[in-house]
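This report refers to the structure that appears directly beneath it.
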Amino acid sequence: MTRPVKHWDLALQLDIGGADQPLFVCIARGLEQAVAQGRLGAGARVPGTRQLAAALGVHRNTVIAAYRELLAEGYLESRVGLGTFVAASLPESKPRRFGKPPPLPGLARTLGYALGAQAVQAPGYVPVPRGTLALYGGLPDVRLLPRAALARAYRRALADPATLSYGDPAGHPRLRQALASMLSATRGLAIGEQDLVVTRGSQMALALCARVLLSAGDVVAVEQHGYAPAWQALRAAGARLCPLPLDAHGLSVDALATLCETEPVRAVYLTAHHQYPTTVTLSASRRLALLALARRKRFAILEDDYDHEFHYEGRPILPLASADTAGSVVYIGTLSKVLAPGVRIGYVVAPAPLLGALVAQRFYLDRQGDQATEAAVAELFEDGEVQRHVRRARRVYRARRDLCAHLLARSFGDELSFRVPPGGMAFWIKARRGLPVERWLGCAQREGVLFQPGRLFDFEQRASPFLRLGFAGLDERELVEAMRRLQRARKQARG
């Protein structure tokens, strides 16, 4: 049920200079112009006559006369016991008895100036239609989140007035301490709260790092298949990106070394643990070679460890940052997969000079994070709720991974080629026997199921026989139904 919204005082620009127009007509024309501009949409409730009269500083009878004028013209309609509303069906334009309305231009739709050289365009947000099953990789099941515990922690955080005031732009001290404790225990990073900065998600973390590290024209090496929003954050800072090939052992460090001989590489951005999107893990030998190359060539390693918590086979591989002794690695993480994307908490671990520059950028850009959210999440860490949630989610996601692998093999046989990922939240799949991925995706959308085609992750956005299919966001029943829909779509795609 939609809750009624209390009216703000309505700002009207009135042309009261003409002696031939009574004041009530000026008010009527101002209201009509607000409707024409879309400031008052069809069916919108207009302020009561007392409220508008007080806002305009006129007698109530003047506003009543203006409303009568608009009621007679069909712009407004009165509903007994409810109030006065903009008519659902507005009249066509017609000549005015008292002259033309004042010129009140709406919001300009074109720029009167040039954009900066580093401006980029973001894709529009497209919500998943109701009833559609989204097999998106990296999408956690937010239904597993201990929401009652989070709500209680929020209430306690909001009870402290300090959480609603200004705070440390590096992040709430309790959360930084909790994150440092987690990273020390699970990532092999011997750090304290002073060694990290909290951000609004890993995307902000990477964007801040790019602002601090890069200048226009700087070369940044990236994986040939990867995360396009990260590439855009680097480009927005002026970077020139150079893609490097991948294989079953991860990023080709030999190709990076060759690039360093011809280009002054400033940084390399990679997802070493579960490569995005292929899920492969950077091998131990390549990790050592990469760290040695970074020391020798003095470039930064931007390590995005976006879903470290969800590793199902053996022990998780420790991040590059845990073996870094030269200060080359900038370690970026997030709680979006652990808790929920909407919580918007990420973090950066790096040497003090870089963190100081990040905090300065954060201060000028965002001033600080959401202290109430950070304090509430810190309490969940302190109470052990996050730890229990991670253990439960890991068990659930592993079972869903195994079910998804079984369903894929049973439903598609040798039409799809994949390996069961040791961790993460998605499969990287190759379509075989001429199965057209893009056509299959179009048919799948009509059947009410979504997946991600390989071109979304290719540096050149080239069509390919690959697709990424997530399993974490849907429960067992939904996964079974999603496979049924994919089968129907596959038959349609093959004609």
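The values are calculated or read from the model by the stated rules, or taken from the named source; none is laboratory data. Predicted, not measured: the structure shown is a model, and the values here were computed from it. Here the Cβ is made from the backbone with ideal geometry for all residues, glycine too, and neighbour counts use every protein chain on show. To get the accessible areas, we keep the full protein, side chains included, count just its heavy atoms, and leave off ligands, DNA and RNA. Shrake-Rupley method; radii C 1.70, N 1.55, O 1.52, S 1.80 Å.
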Worksheet entry | Hey, Ala292 without any contact (Cβ under 8 Å) to a residue 40 or more places away in the chain, among the hydrophobic types (A, V, I, L, M, F, W, C) and out of contact with any Gly (no Cβ under 7 Å at 6 or more places or on another chain) or not | yes
Worksheet, complete the sentence: The number of residues in region 316-334 that are over 12 Å from Asp305 (Cβ atoms) and either in contact with a Lys or Arg (Cβ under 6 Å, 6 or more places away or on another chain) or open to solvent by less than 20 Å² (accessible area, probe 1.4 Å) (or both) is 2
Discussion item. Could you check region 385-417 and list, in sequence order, the residues that are closer than 30 Å to Gly434 by Cβ, crowded, with 19+ Cβ neighbours inside 10 Å and either touching a residue at least 40 places away in the same chain (Cβ under 8 Å) or among the acidic types (Asp, Glu) (or both)?
Written reply: Arg400, Arg401, Cys404, Leu407, Leu408, Phe412
Worksheet item: Among the residues of region 136-155, is there at least one that is part of a helix (DSSP H, G or I), without any contact (Cβ under 8 Å) to a residue 24 or more places away in the chain and either open to solvent by less than 70 Å² (accessible area, probe 1.4 Å) or polar (S, T, N, Q) (or both)?
Response: yes
Worksheet item: If you take the residues of region 32-70 that are open to solvent by 30 Å² or more (accessible area, probe 1.4 Å) and of a type in the set (S, T, N, Q), which of them is farthest from Ala108 (Cα to Cα)?
Response: Asn61
Item to complete: Would you mention how many residues in region 264-312 are assigned to a helix (DSSP H, G or I) and either crowded, with 22+ Cβ neighbours inside 10 Å or among the charged types (D, E, K, R) (or both)?
Response: 7
Worksheet entry | One residue from Leu474, Leu456, Leu450 being surrounded by fewer than 18 Cβ atoms within 10 Å (Cβ to Cβ) and of a type in the set (A, V, I, L, M) | Leu456
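What number of residues within region 156-199 satisfy the criterion of being assigned to a helix (DSSP H, G or I), of a type in the set (D, E, K, R) and farther than 28 Å from Thr325 by Cα?
The number of residues fulfilling the criteria is 1.
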Worksheet item: Which residue pairs have Cβ atoms closer than 7 Å, lie 6 or more positions apart in sequence or on different chains, and pair a first residue in region 338-362 that is under 30 Å from Gly137 (Cβ atoms) with a second residue that is among the acidic types (Asp, Glu) and open to solvent by 40 Å² or more (accessible area, probe 1.4 Å)?
Response: Val349/Asp195
